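Q: Sharing a structure here in structure tokens format.
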Amino acid sequence: MTDPGLLDLAAGLARRAAFAIEAVKRAGFAVERKTDESPVTEADRVAEALIVEALRAATPAWPVVAEEEVAAGIVTAAAPRFWLVDPLDGTRDFAKGRSEYAVCIGLVEAGRAILGAIALPATGEVFGGLLGHGAWKEDAAPRRPVRVRAVPPEGLTVLASRTYADDPRMLPFLAGRPIAERRPVSSALRFCRVAEGVADLYPRFGGTMEWDTAAGQALVEAAGGSVTQVDGSPLRYGKPGWRNPDFVCHGGPGA
């Protein structure tokens, strides 16, 4: 299967998982707690099972690292190519009835996120990005290219995590930058808005895991932006424990 074919596969699975999540939401669900006290629902499990089964069938030689399997103690090693799956990024917002949650499927090659598909179940949007091939969005309208924007004259639109928006490291990081707006947004939706040129900067201070970011990084970088550690060094994948350092998602020139 070609890499564009793999992106179509991932996007189709993200879309199917989004439909499954919305079906669970309509039927009603309980919120449980994992050992780290983070929330989990039936929607997380249904979406993950759908995605990982299909990925393993289509690409049996490549490991699939998925959030809920890792939480259950299933140990998967990284490889030259492997998938990273967050079946429901933003479970807290999903559980609270908000609309900011996402399905994320990323493909890593040699430690770099090269392909990403993100579905936004509440809005019906699906995004895809493949390094060297560009990025796109589809919803009620047909698939069309998306690209990061140059920072507008009025300044940056900065997206901040709802959970970490008041992190004391945020103000020093933003000091001296022309800020037009700071907007609290949750989940991988932030990567999508930077990739399509609606926002310019997403600094993240606070814990994330590789499955939270792989699809979003590939999407943003395919759209012309970048995702780096705070010091500008590359954000890579296959780290022990799958934990990320702090990072910054930049849009186009000036971000």
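The values are calculated or read from the model by the stated rules, or taken from the named source; none is laboratory data. The structure displayed is predicted, hence computed values, not measured ones. Note: ideal-geometry Cβ built from the backbone for every residue, glycine included; neighbour counts use all protein chains shown. These area figures cover heavy atoms from the full protein model, side chains too; ligands, DNA and RNA do not enter into them. Shrake-Rupley method; radii C 1.70, N 1.55, O 1.52, S 1.80 Å.
Q: Go through the stretch 83-91 residue by residue and turn each phi into a ³J(HN,Hα) via Karplus (6.51, -1.76, 1.60, θ = phi - 60°); whole Hz please, and just put x for glycine and proline.
A: Taking θ as phi minus 60°, the curve returns 8, 10, 10, 10, x, 8, 7, x, 4 Hz for the stretch 83-91.
Q: Grab the eigenvalues of the alpha-carbon gyration tensor for the stretch 40-136, scale each by 5, take roots, and send me the semi-axes largest first in whole angstrom. Present the calculation step by step, with values, prior to reporting the outcome.
A: Values: eigenvalues 99, 67, 22 Å².
Value: 22, 18, 10 Å, ordered largest first.
Q: For the chain, compute the number of Lys pairs whose alpha carbons are separated by less than 27 Å, excluding pairs fewer than 8 positions apart on the same chain.
A: 6
Q: A further question on this structure: Tally the DSSP beta bridges in the stretch 46-140 and give the antiparallel ones as a percent, rounded to 5. Mind showing how you got there, number by number?
A: Details: 25 of 28 bridges.
The answer is about 90 percent antiparallel.
Q: Could you work out the local net charge near Ala58, counting Lys and Arg as +1, Asp and Glu as -1, over the other residues with Cβ closer than 14 Å to its Cβ? List each step's numbers first, then the result.
A: Numbers: positive: Arg16, Arg56, Arg81; negative: Asp3, Asp8, Glu53.
Charge balance near Ala58 sits at 0.
Q: Moving to a separate point now. Hey, can you rank 234-241, 190-197, 152-159, 246-253 by average C-beta count inside 10 Å, highest first?
A: Details: 234-241: 15.2, 190-197: 26.4, 152-159: 17.0, 246-253: 20.4.
Peptide ranking by packing, descending: 190-197, 246-253, 152-159, 234-241.
Q: For the stretch 1-91, which GluC sites (Glu not before Pro) are in a loop by DSSP, counting at most 11 other Cβ atoms within 10 Å?
A: Numbers: sites: Glu22, Glu32, Glu37, Glu42, Glu48, Glu53, Glu67, Glu68, Glu69; in loops: Glu37.
Passing sites in the stretch 1-91 are Glu37.
Q: Starting from the Cα gyration tensor of the chain, take the square roots of the eigenvalues, sort them a ≥ b ≥ c, and report rounded, prolate or oblate (rounded when a/c is under 1.5, otherwise prolate if a/b is larger than b/c, else oblate). Walk me through the intermediate numbers first.
A: Working: a/c = 1.40, a/b = 1.28, b/c = 1.10.
Here the chain falls in the rounded category.
Q: Extending each Cα 7 Å along its Cβ direction at Asp167 and Val198, get the distance between those two points in nm, one decimal.
A: 2.2 nm
Q: Just to confirm the number: angle between the C-alpha axis of helix 210-222 and the first principal axis of the chain, 0 to 90 degrees, nearest 10?
A: Result, in degrees: 60.
Q: Label-point separation (nm) for Thr228 and Arg16, each offset 7 Å from Cα along Cα-to-Cβ?
A: Using points 7 Å along Cα→Cβ, the separation is 3.9 nm.
Q: Considering only the other residues whose Cβ falls under 10 Å of the Cβ of Cys104, what net charge follows from Lys and Arg at +1 and Asp and Glu at -1? Intermediate values should be presented prior to the final figure.
A: Numbers: positive: none; negative: Glu67, Asp86, Asp89, Asp212.
Value of the local net charge: -4.
Q: Among residues other than Gly124 whose Cβ falls under 10 Å from its Cβ, what is the net charge (Lys/Arg +1, Asp/Glu -1)?
A: Details: positive: Arg15; negative: Glu22, Glu125, Glu138, Asp139.
Its environment carries a net charge of -3.
Q: Using only protein heavy atoms and a 1.4 Å probe, report how much of Ile74 is accessible, in Å² to the nearest 10.
A: 80 Å²
Q: If I model a spin label at Met1 and Asp36 as a point 7 Å from the Cα along the Cα→Cβ vector, what separation in nanometres do I get?
A: Going by the 7 Å Cα→Cβ label model, 2.7 nm.
Q: Tally the DSSP beta bridges in the chain and give the antiparallel ones as a percent, rounded to 5. Display every interim value, and only then the final one.
A: Values: 40 of 49 bridges.
In the chain, approximately 80 percent of DSSP beta bridges are antiparallel ones.
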